[in-house]
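Engineer: Dumping the structure here so I can ask a few things about it.
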Amino acid sequence: MNAANKNPGRVGPEQARILVEAVHRLSGIAVSADKTDFIEHRLSRLLRRTGIDSVNGYIQELQTAPAGPAAQNLVEALTTHTTSFFRERGHFDWLEAQGFPALLAQGAGRARPLTIWSAACSTGAELWTAGMVLDTFARAREPALRWALIGTDVSQQILAKAALATFDEDDIRPIPEAMRQRYLLRSRAKGGAGGRARDLTGAAAATGGGTRYRISPELRRRARLAWANLLDLPAGLKISADVAFLRNVLIYFQPEDQLRAAMNVARRLQPGGYLLTGHAESLAQLPPGMTLVAPSIYRKT
Ligand SMILES: C[S@@+](CC[C@H](N)C(=O)[O-])C[C@H]1O[C@@H](n2cnc3c(N)ncnc32)[C@H](O)[C@@H]1O
């Protein structure tokens, strides 16, 4: 009798291999099968939540329906959604100083909306940061600018969270005060999104542990959220972006999947559009037609 039989919640090496293969097949995310403690910890919550009484029972569900709910939930459980407003701030400074002016100079935002795509958007912090920066830029430089945001992710759970567009005090800390005033609504209700929100303009800084903040309607109405796996983008997903954020997701992929994801995103960029990767995620091989213009910033010719 092996360890897994004695303890039904235990993840042994063979089970780890099956679980990480399922995650890789569905999302491209390469979790190391050696991380059995990590996998076991994340799976234990899933077992409790689903009422399945053993790791082997879970694997059986996976094998019965390889793309079913058990598989989707496993991807959710083993995926990292860490994100923050103004993460890797240099990208936003660069867009404001160089990227947006260059896009305007080539006509973006006139005949069609200048479109920013957050391609692994997690809770949306990156998407809304981009919206705040672009809206601020447009107000100062080109009030008639047409623009739009799109956020995609492989996790349905995180997209549901992103759709609420609601954040807590810690989340909003990196947002400069003037932008908080303009782009956030404060909700007094604990749990936030369902509560009655009021405009923050002129309001004193929020205190209270339960205070939640919602992105203002003026940004929300510009945005669209959709499910998409970067390794196999849905045919029906119509995107033609001027700026694509592909940040802090490539590190979870094998090199060949990194290139595949980058190519999938690059294909949906306008000529002259920009692809931004995480600062720690330089592309070993560039998608055709892309050139490096600054560290972790690529332009489509
Ligand atoms: C660490 S977060 C990065 C969020 C944001 N881009 C940032 O830099 O702050 C990684 C996100 O990538 C998503 N993800 C992982 N694999 C994906 C795939 N194959 N296609 C689309 N999104 C994926 C995860 O669900 C997660 O929300």
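Engineer: Just for the stretch 66-80: of the residues that are crowded, with 18+ Cβ neighbours inside 10 Å and under 10 Å from Arg25 (Cβ atoms), which one is nearest to the ligand (Cβ to nearest atom)?
Structural biologist: Step by step, filter the stretch 66-80, then rank; the result is Val75.
Engineer: While we're looking at this one, here's another question. Are there any strands (runs of 3 or more DSSP E) wholly within the stretch 231-301 with 1 or more residues that are β-branched (Val, Ile, Thr), modelled with pLDDT of 95 or more and surrounded by fewer than 20 Cβ atoms within 10 Å (Cβ to Cβ), and if so which?
Structural biologist: Here the list reads 290-294, 297-300.
Engineer: Is it true that Gly28 is in contact with a strand residue (DSSP E or B) (Cβ under 7 Å, 6 or more places away or on another chain) and buried (at least 20 other Cβ atoms within 10 Å of the Cβ)?
Structural biologist: no
Engineer: Let me ask something additional. Condition test on Glu61, is it more than 16 Å from Ala162 (Cβ to Cβ), modelled with pLDDT of 95 or more and surrounded by 15 or more Cβ atoms within 10 Å (Cβ to Cβ)?
Structural biologist: The answer is no for Glu61.
Engineer: For residues in the stretch 144-157 being out of contact with any strand residue (DSSP E or B) (no Cβ under 6 Å at 6 or more places or on another chain) and at pLDDT 95 or above, which is nearest to the ligand (Cβ to nearest atom)?
Structural biologist: Ranking the qualifying residues of the stretch 144-157, first place goes to Asp153.
Engineer: Can you pull out every residue in the stretch 20-46 that is of a type in the set (Val, Ile, Thr), within 15 Å of the ligand (Cβ to nearest atom) and assigned to a helix (DSSP H, G or I)?
Structural biologist: Selection gives Val20, Val23.
Engineer: Still on this structure: Examine the stretch 119-136 for a residue that is at pLDDT 95 or above, over 19 Å from Ile239 (Cβ atoms) and open to solvent by 40 Å² or more (accessible area, probe 1.4 Å), and state whether such a residue exists.
Structural biologist: There is at least one residue in the stretch 119-136 that is at pLDDT 95 or above, over 19 Å from Ile239 (Cβ atoms) and open to solvent by 40 Å² or more (accessible area, probe 1.4 Å).
Engineer: Same structure again: Scan the stretch 82-118 residue by residue and report those that are open to solvent by 10 Å² or more (accessible area, probe 1.4 Å), part of a loop (DSSP other than H, G, I, E, B) and hydrophobic (A, V, I, L, M, F, W, C).
Structural biologist: Phe86, Ala111
Engineer: Considering Arg182, Arg196, Arg141, Arg186, which residue is more than 15 Å from the ligand (Cβ to nearest atom), farther than 28 Å from Gly236 by Cβ, at pLDDT below 95 and out of contact with any Lys or Arg (no Cβ under 7 Å at 6 or more places or on another chain)?
Structural biologist: Being more than 15 Å from the ligand (Cβ to nearest atom), farther than 28 Å from Gly236 by Cβ, at pLDDT below 95 and out of contact with any Lys or Arg (no Cβ under 7 Å at 6 or more places or on another chain) holds for just one of Arg182, Arg196, Arg141, Arg186, which is Arg196.
Engineer: If we scan the stretch 236-248, do we find a residue that is out of contact with any Ser or Thr (no Cβ under 9 Å at 6 or more places or on another chain) and more than 21 Å from His91 (Cα to Cα)?
Structural biologist: Yes, there is a match, as at least one residue in the stretch 236-248 is out of contact with any Ser or Thr (no Cβ under 9 Å at 6 or more places or on another chain) and more than 21 Å from His91 (Cα to Cα).
Engineer: Give me a count of the residues in the stretch 212-228 that are assigned to a loop (DSSP other than H, G, I, E, B) and open to solvent by less than 20 Å² (accessible area, probe 1.4 Å).
Structural biologist: Count: 2.
The values are calculated or read from the model by the stated rules, or taken from the named source; none is laboratory data. Please read these numbers as outputs of a predicted model, since none were measured by experiment. Cβ coordinates were reconstructed from backbone atoms using ideal geometry, including for glycine residues, and neighbour counts include every protein chain displayed. Only protein heavy atoms, including side chains, enter the accessible area calculation; ligands, DNA and RNA are left aside. Shrake-Rupley method; radii C 1.70, N 1.55, O 1.52, S 1.80 Å.
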